[in-house]
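Scroll down for the structure; my scribbles are underneath it.
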Amino acid sequence: MSTPLAAPGHASHGAHEPYVKVFTGGPRKELDELLTRYPTKMAALLPALWMVQRERGWVSEDGIAEVAEVLELTPAYVKGVVTFYTMYHQHPVGKYFIQVCTTSPCGICGAEDVVKALLKHTGAVELGQTSPDGKFTVIEVECLGACGFATPIMINEEFVESVTADKVPEVLARFA
Amino acid sequence: MGYPHVPHQKETPVLTKHFGEAEARSLDGWKKRGGYRALEKALGMAPADIVNVIKDSGLRGRGGAGFPTGMKWSFMKPGDGKPHYLCCNADESEPGTFKDREIMRWTPHSLVEGCAIGSYAIGAETCYIYVRGEFTEPLEHMNAAVKEAYAAGILGKNAMGTGKRVDVHVHKGAGAYICGEETALMNSLEGRRGNPRIKPPFPAVSGVFGMPTTINNVETLAAAAPILINGADWYKKMCLSNPKSTGTKLYSVCGNIAKPGTYEVVMGFPFKEFLYDLCGGPLPGRKFKAIIPGGASVPIQTMEEAEATIMDYEGFVAGGSMLGSGGVIVIDDQQSMVGVIARLARFFAHESCAQCTQCREGTAWATKIMERIRDGEGTMEDLDTLLEISENMTGKTICVLSDSCATPIVSGIQKFRSEFEALIHGKKFHPVMAAVA
Ligand SMILES: Cc1cc2nc3c(=O)[nH]c(=O)nc-3n(C[C@H](O)[C@H](O)[C@H](O)COP(=O)(O)O)c2cc1C
Ligand code: SF4
Ligand code: FES
């Protein structure tokens, strides 16, 4: 099993709450430092979007507009980039966002059973849905680059390896 | 696979030597193991001499294509007044592949060192290590290692006190297999959608930020340090087969096998011995059925082919496949080949960047037809249609993702046709059927 990282358990700001700007104070300094690494401002786009997601839990239209402003891009351009990548949340997600690999190498080691167990024990019922208590969202993803540790799952930033259907309740207990 | 990592006696641990030793992650721990001696040596050499050592060693790219690394480095022309870049490809998303992850998790400084050597050799002052976003733990270790290297003056404006600038930055991806393709990676790094670019121009002429760029895989760059320390001849001698394939290679082994994990063996090692001896053979009571030896993009091997294969670039081709990324996917008699291939097709359909019609449409239709056959609703004509679609998907697009989707389908139909036909004729897949076949 991988070294446990600090469980972030970020709070997603809701879709209708007012947006609070990210790039002030500490995060602004962090972005300024990042900008020194690249010859163009645009190159800081993926890192800036990561910062928005870290601070706000997802990348909303307001987040997109703010990133566009600080990097001197258009919101339409930024949105085009956001939608290309699978890891930016375009909607608020549960407190614990669970990604399960079901690509063939994991698939032949029982990944589908892990998915079923996760849906059952989190109460999320369907892929992509958030459990009624707002805690868990479960999605299937393509190869997580840890195929020898089938089935790997990611809970927010934490990687959990070698998960089997019967280990699911034990894994989830840490996030209850 | 458990850690601490105890190598099998038939392995030759060079890059994996310190896997499992948590202390090796720190700068002190890395230095205690001889770390940064190679960089120190490199910075005292003329860049062209380093390129020559790498050329002599016979090192070839470990990212999939096997292009000679020294030759790639020699395409860079220093002194043209432009900024030059090195990109380290740590996007590792090819199903079956997880070796770069282990290098970054256990010996992050080995990669920092390799990147610094590579940068200096090609005249690049900046190197970006592009790590896939899902690799949270490797990212943490890489960021920590880079930070330590800056604090110790190993990186920066005055690298190791030599007055030469070597900057190394870690850049986090955001989920897209296609960003492992070299030009897609460059677009992504620039803050764009990860669409592959039409070549030419090649990266050495116009790469990231429109400047001359070299891109190498994690394992390739990590190999540069031991080669510089021990010499090209030492590296060349690590070969049991032919002089076109030299050194050690990491294989990440997964699927239905007793001991999945990352193994390091010299070029030319017999694949049969590797599978049954090092990796422990099949799971109890089961039999191997097929192997995909180099990540999901390479042709499927029958066991007959696999067991006769010599593990090197040429050997895997002779065995009906390719070395690829070294991601060995083992499939046993409990699995339906059609099911495995259908799921791989879905992977490629999901990951297509959708720029090219043949790829966008081909991957989607191939997936639908494969799933139809898997679900017992296919027809014999579907097999011909699949082969025809595959033909149209091969060699006609901007990058080879399209070809990669066709590869398991074509090799699957060629080598395991009876399983397709059985499903089409209404026989549900049953593990026993495969055992009899
Ligand atoms: C669709 C696609 C995905 C790829 N993914 C990776 C990858 O994840 N890691 C990698 O090192 N190379 C990957 N490659 C190969 C790279 O384009 C490139 O050849 C490689 O990084 C060069 O490094 P090397 O010469 O050291 O092997 C991919 C290629 C294609 C077409
Ligand atoms: S082949 Fe597919 S992935 Fe590659 S550029 Fe074309 S559409 Fe994109
Ligand atoms: S296939 Fe599941 S991690 Fe690679």
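The table for this structure:
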read-out: DSSP-defined antiparallel bridges as percent of all bridges, the protein assembly as shown, nearest 5; value: 45
read-out: Pairs of lysines in the stretch B:203-293 (C-alpha under 23 Å apart; 8 or more residues apart or interchain); value: 12
read-out: Cβ-placed point charges (K, R +1; D, E -1), dipole of the protein assembly as shown about Cα centre in debye, nearest 20; value: 1120
read-out: Assigned charges on the beta-carbon of Lys, Arg, Asp, Glu; chain B dipole about Cα centre (debye); value: 860
read-out: Cα gyration tensor shape of the stretch B:228-377, rounded if a/c is under 1.5, else prolate or oblate by comparing a/b with b/c; value: oblate
read-out: Positive minus negative residues near B:VAL53 (Lys, Arg vs Asp, Glu; Cβ under 13 Å); value: 0
read-out: Dipole moment magnitude, nearest 20 debye, the stretch B:1-66 about Cα centre, only Lys, Arg, Asp, Glu C-beta charged; value: 80
read-out: Percent RCO, i.e. relative contact order, over chain A, from Cα pairs under 8 Å lying at least 6 residues apart; value: 23
read-out: Net charge of neighbours whose Cβ lies under 9 Å from the Cβ of B:THR248, counting Lys and Arg as +1 and Asp and Glu as -1; value: -1
read-out: 3J(HN,Hα) from dihedral phi, the stretch B:241-252, Karplus parametrisation 6.51/-1.76/1.60, rounded to Hz, x for glycine, proline; value: 10, 10, x, 7, 10, 10, x, 9, 9, 8, 10, 9
read-out: The stretch B:158-244: relative contact order in percent, alpha carbon pairs under 8 Å with at least 6 residues between; value: 14
read-out: Accessible area (Å², per residue) of the protein assembly as shown, counting only protein heavy atoms and a probe of 1.4 Å; value: 38
read-out: Most positive-pole-ward Cα, B:CYS405, B:GLY70, B:GLY320, against dipole of the protein assembly as shown from beta carbon charges; value: B:GLY70
read-out: Under-5 Å amide H pairs with B:HIS169, H placed in peptide plane, nonlocal only; value: B:CYS127, B:TYR128, B:ILE129
read-out: DSSP beta bridge pairing in the stretch B:248-338, given as percent antiparallel to the nearest 5; value: 75
read-out: Net +/- balance of residues flanking B:PRO83 in space, Cβ distance below 14 Å, scoring K and R +1, D and E -1; value: 0
read-out: Using θ = phi - 60° and Karplus 6.51 cos²θ - 1.76 cosθ + 1.60, couplings along the stretch A:23-37 (whole Hz; Gly, Pro as x); value: 8, 10, x, x, x, 5, 4, 4, 5, 4, 5, 4, 4, 6, 7
read-out: Positive-end extreme of charge dipole, the stretch B:140-267 - chosen from B:MET211, B:VAL168, B:ALA222 (charges on Cβ); value: B:MET211
read-out: Accessible surface of chain B, 1.4 Å probe, proportion on carbon and sulfur as whole %; value: 55
read-out: Buried area at the A-B interface (accessible, heavy atoms, 1.4 Å probe, summed, Å²); value: 3900
read-out: Length-normalised contact order of chain B in % [C-alpha pairs under 8 Å, at least 6 apart]; value: 16
read-out: For the stretch B:47-88 versus the stretch A:74-88, the gap between their alpha-carbon centres in whole angstrom; value: 34
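The values are calculated or read from the model by the stated rules, or taken from the named source; none is laboratory data. The structure presented is a predicted model; accordingly, all values stated were derived computationally and were not measured. Note that we place each Cβ from the backbone using ideal geometry, even for glycine, and neighbour counts take in every protein chain shown. Keep in mind that these areas ignore ligands, DNA and RNA; they rest on the heavy atoms of the full protein, side chains included. Shrake-Rupley method; radii C 1.70, N 1.55, O 1.52, S 1.80 Å.
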